[in-house]
Structures are given as C-alpha cells and as structure tokens.
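Novice: The structure that follows is given in the form of structure tokens.
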Amino acid sequence: MFSYRHAFHAGSHADILKHLTLIHLVEYLQEKPGALTMIDTHAGAGIYSLKDGFAAVSKEAEGGIFRLLKFIEAGNPCAESVKKYVTLVQAKNMGNELASYPGSPFILAHLLRSQDRLKLFELHPKEIDILRHNVRELAQAKQIDVYAEDSFARLKGLVPPPSRRGLVLIDPSYEDKQDYRYLELALEEALQRFATGCYAIWYPILSRRESAALPDRMKKIAASHTRSWLQAELRVENAPGERRLQASGMFIINPPWTLEKHLAEALPTLTKALGVDAGAQFLLKSFEA
Ligand code: SAM
C-alpha cells in the first residue's frame, strides 16, 4: 500500500485538472467572509522538486505543467482560468524557471485567509515526515493541522466544520482497489452529516472495472442525498495499453454555479495544450438537484 509516491506524478496533466478546479472552488467559497475549513484527505508531501528526485525520473511534468507553459509562452490563446492556475504555480517558485511543483496542500495553504483552516491527512510514513517538514516552513503553518491518520475513517468526524462552510478534497492514489469502496463509504458517511459541503473527488480513468464504475456510483450517492454534481474529464491521449495515465476526472458534489463556465473555458485550452494524439478530448457534465 505504501508504494505510491506522488512526486512521480507532480505537475502531470492529472494534477493540472485537479489543481485548476481546486483553485476555483476555494475562490468561490471565499467570496463570503465566513471561515472556511478545507480538508485534504490525501495530502502527499505538499511540494515537489521538478529538478531532481522522483519527478525528474518520471518526467510526467514534461507532458503536464512544462508543456502547458510552453503552449502559453508560444502565444497560443489561453483561458484566464488557466493563466490564474499557472500564476499560482509560478508564485511557489523563484523567478521564471519552474523548479518545484506545489501539491494540493501548498495550493490550499497559499489561498488561506486568516479566518480559514486547513486539515491535511497523510498515511505514508515517509510522506508524512516530508509533509510536516514542508508545512512548518509555511507562513500559514499555524492555520494548518497535519494528521498521520486514515482519512477515510476520520472524515465523518470532521464534518460539518464549526462554521458549516467546508471544502473536502478526496484524492486517493487508487493503487489499492479497496480505495474505490472506501471512498464511496467515506463520501456516504460525510454527506449524511454534512450534505451542504463541497466535495471534490479526483479519479483516474482506467479500464479497471472499479475505475470505470466510479463516476456512476458517485452520481448515485449524490442523487440519494439530492445533491447537484459536476463531472469534468480530461484525456490527453488514447493509446493502446495503460503504461501511463492518459485521462482523469474531477467529480464535484455541490459545485458552485460558476464552476461549469470556468471549466468550459479552461478545458479546451488544456486539451489543446496537453493533448498528444487525436484522442485528446474533454467531457463536462452536470446535474442540478
Ligand atoms: N492530493 C495530493 C496533491 O494533489 O498534491 C496528492 C495525493 S496522492 C494522489 C495520495 C496520497 O494519499 C499518497 O501520498 C498516499 O500515501 C496517501 N494516502 C493513501 N491512503 C490514505 C489514507 N487512507 N489516508 C490518508 N492518506 C492516504
């Protein structure tokens, strides 16, 4: 279970879809002054070097954030929402050269206002140490709690947050196929206690049965709680075999009304910038309860 290290995937096309969506969710939820609690159930290490270590070996950022930067630098038309995401990634770097990539904990920390809280969960014995070290360096460290605990089991105990304004990012690695079942259970339990929370779930698009079934299962869970949802998927290639991840999605329960327009602008840019073959495409669907 502890073979997954997110550094291999830092700055990949899947991170781009996830983090761009996340930024919009936070910004929307922060339009009101009330305190916002953000829960990142699968935090990873927080920030990743793109120059050395696992990311330099996998080179996934070459097909992700570096490819996107080249596309923008070449003067191609680019949606404002994509530019905003890139600006945040660049803010976590010195100068123009991208030496590191901020994971979801660093992106969320960057967006914290003084009244907000961030709760991070990480189970991997090495990742949790790196995460704790990285979080200590942040100016917002006092607003952040780090838990070395199983978030699937803990989530229900953390919702609703005291202010009843909450964003939950659920981003498992899905290496263990039980993750699909645990995710559904955790989501079901959380919705029972906090039906109005905003839940953002990242998922890989794979031929594996559990993966193919997940979006419909999440739609059923949302429907059973009479909740609206939005589904956004980005495929960058459609090649035989699944040696590397070719597509992923975000499923949002209780999406802000602005999210669909935002992604309708961003996804064509991402498909163009990151697509590697004619199979590159996106999907955007929503349902209002
Ligand atoms: N959210 C991160 C980001 O966007 O930068 C990436 C997270 S990575 C996909 C998933 C992480 O969840 C891994 O570091 C893994 O060790 C951790 N993990 C796996 N199962 C967990 C669990 N039950 N509770 C908390 N963390 C878990």
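Just so it is clear, none of the values below were taken in a lab; they were calculated from the coordinates. Source: prediction; values computed, not measured. Cβ: placed from backbone, ideal geometry, glycine included. Neighbour counts: every protein chain shown.
Novice: I'd like to check something: does segment 193-205 contain any residue that is among the charged types (D, E, K, R), surrounded by 15 or more Cβ atoms within 10 Å (Cβ to Cβ) and in contact (Cβ under 8 Å) with a residue 24 or more places away in the chain?
Specialist: no
Novice: Restricting to segment 23-46, name every residue that is near the ligand (Cβ under 8 Å from one of its atoms) and in contact with a strand residue (DSSP E or B) (Cβ under 6 Å, 6 or more places away or on another chain).
Specialist: Residues satisfying the conditions are Asp40, Thr41, Ala43.
Novice: Hey, any hits in segment 46-53 for a residue that's under 18 Å from His110 (Cα atoms) and in contact with a Leu (Cβ under 8 Å, 6 or more places away or on another chain)?
Specialist: yes
Novice: Which helices (runs of 4 or more DSSP H) sit wholly inside segment 140-252 and have at least 1 residues that are more than 16 Å from the ligand (Cβ to nearest atom) and not β-branched (Val, Ile, Thr)?
Specialist: Of the helices (runs of 4 or more DSSP H) lying wholly inside segment 140-252, those with at least 1 residues that are more than 16 Å from the ligand (Cβ to nearest atom) and not β-branched (Val, Ile, Thr) span 178-193, 209-224.
Novice: When you look at Leu131, is it part of a helix (DSSP H, G or I) and touching a residue at least 60 places away in the same chain (Cβ under 8 Å), yes or no?
Specialist: yes
Novice: Still on this structure: Could you give every pair whose Cβ atoms fall below 8 Å, whose first residue belongs to segment 262-274 and is assigned to a helix (DSSP H, G or I), and whose second residue is of a type in the set (D, E, K, R) and loosely packed, with under 15 Cβ neighbours inside 10 Å, counting only separations of at least 6 or pairs across chains?
Specialist: Glu265/Glu80
Novice: Looking at segment 218-258 only, could you name the residues that are without any contact (Cβ under 8 Å) to a residue 40 or more places away in the chain and not aromatic (Phe, Trp, Tyr)?
Specialist: Correct list: Met218, Lys220, Ile221, Ser224, His225, Pro240, Gly241, Glu242, Arg243.
Novice: Could you list, in sequence order, the residues of segment 226-240 that are surrounded by fewer than 19 Cβ atoms within 10 Å (Cβ to Cβ) and under 23 Å from the mean Cα position of the chain (by Cα)?
Specialist: Hits for segment 226-240 are Ser228, Glu237, Asn238.
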